[in-house]
Amino acid sequence: RLTNANLSFDPSLICRKLFDMPLSLFASQSYVDKHGLPKGIHDLAGHKVLVFGGALASHPANHWLMSRVEETQIVQTCRDVRNIYTNVKMGMGLGIIPSEFKNNNPDLFQCCELPIELGSSAWLIANPVAYQRPEVKAFMQFFAPRYAALYRKQRGGEVAPEPK
């Protein structure tokens, strides 16, 4: 997530936003069988949760989740999304994972989607000097809309027409 707070921002960079990646709170089939599925964010009392540690501890989604649970509900601190995903799949607790994971994981249950501003975004970024090179400019103009359309298609969204 590019913000002035966590990155020294260079306003001269050429930036093209590719897509937003919403996040959701998920549980596994084994967790749901033992503890039930929360009906939403206001139903987290008594549920076990996995949170981020390390570099992701300050992620806004992590703060959002931690502000809605008691410290005693936190069963594990994970260093990255892959670690959260693995532990959710093992039934250790509820965890924040990209919403798109529901598409290829029938044993994951989505408790709720987090507010869109807590998700992440993918950007294509070029240095202005590099962007003056014809091949860099052509690549960015070709790649960005196609990659964004592919991502939307994989998520099940509408695909914008291919640029001419």
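The values are calculated or read from the model by the stated rules, or taken from the named source; none is laboratory data. All figures in this text were calculated on a predicted structure; none of them were measured in a lab. FYI the Cβ positions are ideal-geometry reconstructions off the backbone, even for glycines, and counts take in every protein chain you see. Heads up: the accessible areas ignore ligands, DNA and RNA and are worked out on the full protein's heavy atoms, side chains in. Shrake-Rupley method; radii C 1.70, N 1.55, O 1.52, S 1.80 Å.
Just a few scattered comments:
- Principal axes of the stretch 93-151: Cα extent on each, largest first, Å: 49, 21, 16
- Share of carbon and sulfur in the accessible heavy-atom surface of the chain [1.4 Å probe, %]: 55
- Segment residue 39-residue 67, length gained on full extension (0.36 nm per residue, minus Cα span): 8.3 nm
- Among 80, 33, 107, residue whose mean-square fluctuation peaks in a GNM of the chain (springs only between Cα atoms under 10 Å): 33
- Taking amide H atoms as placed 1.01 Å from N in the peptide plane, the amide H of residue 111 lies under 5 Å from those of 25, 26, 27, each 5 or more residues away in sequence or on another chain.
- Put a dot 7 Å past the Cα of residue 138, heading toward its Cβ, do the same for residue 20, and the two dots end up 3.4 nm apart.
- Longest segment of the chain lacking GluC sites (Glu not before Pro) that sit in a DSSP loop with at most 16 other Cβ atoms within 10 Å: 71-157
- The stretch 17-102: C-alpha pair distances exceeding 15 Å, %: 55
- Approximating the spin labels as points 7 Å out from Cα along Cα→Cβ, the residue 130-to-residue 57 distance works out to 3.2 nm.
- In terms of accessible area, using a 1.4 Å probe and ignoring ligands and nucleic acids, 140, 90, 21 rank largest first as 90, 21, 140.
- DSSP-defined beta bridges in the chain - what % are antiparallel, rounded to 5: 75
- The alpha-carbon atoms of the chain, seen along their principal axes, cover 58, 34, 23 angstrom, with the largest extent given first.
- For the stretch 10-23, the Karplus equation 6.51 cos²θ - 1.76 cosθ + 1.60, evaluated at θ = phi - 60°, returns couplings of 9, x, 7, 5, 8, 10, 10, 6, 8, 5, 9, 10, x, 10 Hz by residue, with Gly and Pro reported as x.
- Label-point gap, in nm, between residue 90 and residue 112 - each point 7 angstrom along Cα→Cβ: 2.7
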